[in-house]
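Just dropping this structure here.
No lab work stands behind these numbers, since they all come straight from the coordinates. Keep in mind it's a predicted model, so treat the numbers as computed, not measured. Glycine gets a Cβ as well: all are built from the backbone with ideal geometry, and neighbour counts include every protein chain shown.
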Amino acid sequence: MSSRELILGRVRAALADVADDEPASWIYDRDADEHSRYARAGSRDPEALAALFADRCGEYRATVTRAERAGLGPAIAAACARHGASSLVVPTDLPEAWRAPGVEWREDHPSLDVHALSGFDGALTGCAVAIALTGTIVLDAGEAQGRRALTLLPDLHICVIGEEQIVEGVPEAFERLAPAARSGRPLTFISGPSATSDIELKRVEGVHGPRRLEIVIAG
């Protein structure tokens, strides 16, 4: 008997007592019992969510600052100054108010190759949603985000997050990301600067993306 036949045989045996009219999909509200239910919405107010998100991002060694929407330019300029960044690559639809003076701005159009992207001090983008409980930013290639390579190759990523974009948990984030997922857009989940560890648990930063992450929460 082949491995394929063995697996299919076990599947058929497991389904032997299933009624023909039983739905093939699991429906949360109908099928879940008290032990399998989980919270799909949070209860914290926007200020508490922002504080929790900032705290969790700090644990990942990301730098988080707060700014009024009218003052995003100076806040971004300050983030650049902290890292000595004088050139940033940005998506073509980046809001003009985010473009701080004293920085060289280069739009990713036409699309830059990997060598050109690596030559910039950093990248500046927005995001699709941020998850407070996990300290995670999610990009979906939507407004003010550009393509995925933009935030993978430069060594610094500055990300602007609207306070209204912060949700408490993963289920809420997935609900917001559903339209992007259905349309086939790529989803990138970022929890702090790029970091990994080898078998000896030695932390190495910058292997899979930027070594430095600056987050500006716009309220």
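In the P(r) worked out for segment 45-218, what percent of Cα pairs fall beyond 22 Å?
41
Give the angle, between 0 and 90 degrees and rounded to the nearest 10, that separates the Cα long axis of helix 72-83 from the longest principal axis of the Cα atoms of the chain.
Its long axis makes an angle of about 90 degrees.
Convert each backbone phi in segment 203-216 into a coupling constant with the Karplus relation 6.51 cos²θ - 1.76 cosθ + 1.60 (shift: θ = phi - 60°), then list the ³J(HN,Hα) values in order as whole Hz, x for Gly and Pro.
6, 10, 10, x, 6, 10, x, x, 7, 10, 10, 10, 10, 10
Name the residues whose placed amide hydrogens come within less than 5 Å of the amide hydrogen of Val129, ignoring near sequence neighbours (fewer than 5 apart) on the same chain.
Val138
Per residue of the chain, what 222 nm ellipticity follows from adding -39500 (n - 2.57) for every DSSP H run with n ≥ 4, rounded to the nearest 500?
That comes out to -8000 deg cm²/dmol.
Now for a different question. For Ser111, Ser191, which order do you get if you count the other beta carbons within 10 Å of each Cβ and list the fewest first?
Listing Ser111, Ser191 from fewest to most nearby Cβ atoms yields Ser111, Ser191.
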